[in-house]
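Let me begin by handing over the structure; questions about it come next.
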Amino acid sequence: MSIEHLAYISTAAPDLTDADLRLILDQSRRNNPRQRITGHLQCHGDLFFQVLEGPAESLDALLEKVGNDPRHADLRLLYRETLTRRNFANWSMGFGPCGRGQPLTGAGRRLLGLRDGGPCGARRALGLFLSLLDASG
Ligand SMILES: Cc1cc2nc3c(=O)[nH]c(=O)nc-3n(C[C@H](O)[C@H](O)[C@H](O)COP(=O)(O)O)c2cc1C
């Protein structure tokens with residue numbers, strides 16, 4: 001069975017609370033192992049960036065659910081491709097510090113630019129994502 005890898009960005013709901021975020025993480029960490037999904041969720045300003053890895057059918061089902069979740073909007077898939085080895089094998093859902101309400105750093109801004117700039121290369125999106133992780137320590 002092939003393992004795929006995808007990343008998307010979306011905009012958090014304006015009234016999203018820390019409790020909402022904790023619930024999203026609880027749900028992810030409970031559900032993802034059952035579906036053999038691993039990944040990382042990064043929250044930056046009001047921007048969500050999530051990388052998901054797993055069997056194609058599991059990703060399809062999860063995207064459907066997440067795409068209809070009112071806790072965020074304007075979900076934009078950045079890339080999706082087949083993977084030979086997981087990047088986040090040990091994380092049912094890693095989480096990056098949030099900094100909600102803080103201005104976006106350069107990497108965050110460039111991710112927003114991708115949203116308006118149409119499809120982009122997986123490597124470019126992953127590079128920006130990794131620099132966001134660095135920026136948030
Ligand atoms: C930004 C964001 C990321 C999410 N990521 C996941 C995820 O990785 N796995 C998951 O099961 N649910 C995730 N959710 C929650 C789903 O949309 C959905 O509410 C949840 O899976 C329902 O869980 P349940 O079927 O156990 O009630 C996410 C929601 C948001 C807003």
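If Lys and Arg each add +1 and Asp and Glu each add -1, what is the summed charge of the other residues whose beta carbon sits under 14 Å from the beta carbon of Leu63? Walk me through the numbers before you get to the answer.
On the way: positive: Lys65, Arg76, Arg80; negative: Glu4, Glu53, Glu57, Asp60, Glu64, Asp69.
Charge balance in the 14 Å sphere: -3.
If R₀ is 30 angstrom, what is the calculated FRET efficiency for the pair Ala13 and Glu57, using the beta carbon separation as r and rounding to 0.05?
Values: r = 28 Å, r/R0 = 0.94.
So, using R0 = 30 Å, E works out to roughly 0.60.
Mean 1/r over all different Cα pairs, inverted: what Kirkwood radius does segment 2-42 give, in Å?
11.9 Å
Defining a contact as two alpha carbons under 8 Å apart and six or more residues distant in sequence, what relative contact order in percent does segment 1-78 show? Kindly include the intermediate steps, with their values, before the conclusion.
Numbers: 106 pairs, mean separation 39.4, N = 78.
Relative contact order of segment 1-78: 50 percent.
Read-outs throughout are calculated quantities, based only on the coordinates presented, and are distinct from any laboratory measurement. Please read these numbers as outputs of a predicted model, since none were measured by experiment. Don't worry about glycine lacking a Cβ; one is built from the backbone with ideal geometry, like all the others, and counts go over all protein chains shown.
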